[in-house]
Amino acid sequence: MTDIILQAFVTMFVIIDPIGLTPMFIGLSAGATVAYRRKMALRAVFFGACILLFFALIGHEFLGLLGIEMSSFRIAGGAMLFLTGLEMVFGKRTTRRSEKAEEIKADDEMEDISVFPLAIPFLAGPGSITSIMLLMEAQDSNSEGQMMILAVTGAVLLVSLFLFMISDKLEKVLGQTVSSIFSRILGVLLAALASQYIIDGLRDALFS
């Protein structure tokens, strides 16, 4: 069970990247009141959790309706997560997120940013949706393991919520350099996990 919890935590923490998202939240809510920041943080985490829960519980059936086998999804998802890991290592993911945040901010600083871009695609984007589906599918016959995965995902989202809530204080402490170094380390871990997903998918497709 410890292995399941550890793998789920590393995977979801790396792909959601609460620490990397915090500067984005700070940029999007710059000049806003504390009440506005808290409202956006709560709404974003709520919507993000709902989306991830949906795909965690019925994502496999949803793929079945589209005629997509899980082995194919595992290979494609692993490839996508591997590319995400490379982007994190080379800093491209942070740059893209920053540009998107600036675009939203330029339109209207006080608009509702909870659904887009915070919930989608920052918290519940393709990477996190893929990750939670693969983790849940790996524990298909272990309901306790699936509950642990959901609990760990919830914990990661709560970490994001906590960091968003104290973003005004972190704005003075969390520098761009620290965030960049941490993001690159997590990117290496994500690339390794993604490679394992691809290997597992190929094994299932070729030998099952």
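Among the residues of region 101-112, is any modelled with pLDDT of 75 or more and within 23 Å of residue 45 (Cα to Cα)?
yes
Examine region 118-141 for a residue that is modelled with pLDDT under 70, closer than 20 Å to residue 19 by Cα and crowded, with 20+ Cβ neighbours inside 10 Å, and state whether such a residue exists.
no
Restricting to region 62-72, give me the number of residues that are surrounded by fewer than 20 Cβ atoms within 10 Å (Cβ to Cβ) and assigned to a helix (DSSP H, G or I).
Here the count works out to 6.
Can you tell me which residue is farthest from the chain's Cα centre (by Cα) among those in region 164-191 that are closer than 16 Å to residue 17 by Cβ and modelled with pLDDT of 80 or more?
Among those residues, the one meeting the criterion is 167.
Could you list, in sequence order, all residues of region 123-134 that are in a helix (DSSP H, G or I) and under 13 Å from the mean Cα position of the chain (by Cα)?
123, 126, 127, 128, 129, 130, 131, 132, 133
Let me confirm something: among 75, 5, which residue is buried (at least 16 other Cβ atoms within 10 Å of the Cβ) and touching a residue at least 24 places away in the same chain (Cβ under 8 Å)?
75
Sort through 59, 27, 85, 20 and tell me the only one that's in a helix (DSSP H, G or I), under 15 Å from residue 133 (Cβ atoms) and not hydrophobic (A, V, I, L, M, F, W, C).
59
Scan region 32-50 for residues that are surrounded by 19 or more Cβ atoms within 10 Å (Cβ to Cβ) and either farther than 18 Å from residue 168 by Cβ or touching a Leu at 6+ places or on another chain (Cβ under 6 Å) (or both) and jot them down.
41, 44, 45, 48, 49
List, please: which pairs have Cβ atoms under 7 Å, are six or more places apart or on different chains, and start with a residue in region 139-151 that is assigned to a helix (DSSP H, G or I) and of a type in the set (A, V, I, L, M) and end with one that is at pLDDT below 95 and exposed (fewer than 13 other Cβ atoms within 10 Å of the Cβ)?
Taking only residues 6 or more apart or on different chains, the pairs are 148/1.
The values are calculated or read from the model by the stated rules, or taken from the named source; none is laboratory data. Since this is a predicted model, take the numbers as computed values, not measurements. All Cβ positions, even for glycine, are placed from backbone atoms using ideal geometry, and neighbour counts span all protein chains on display.
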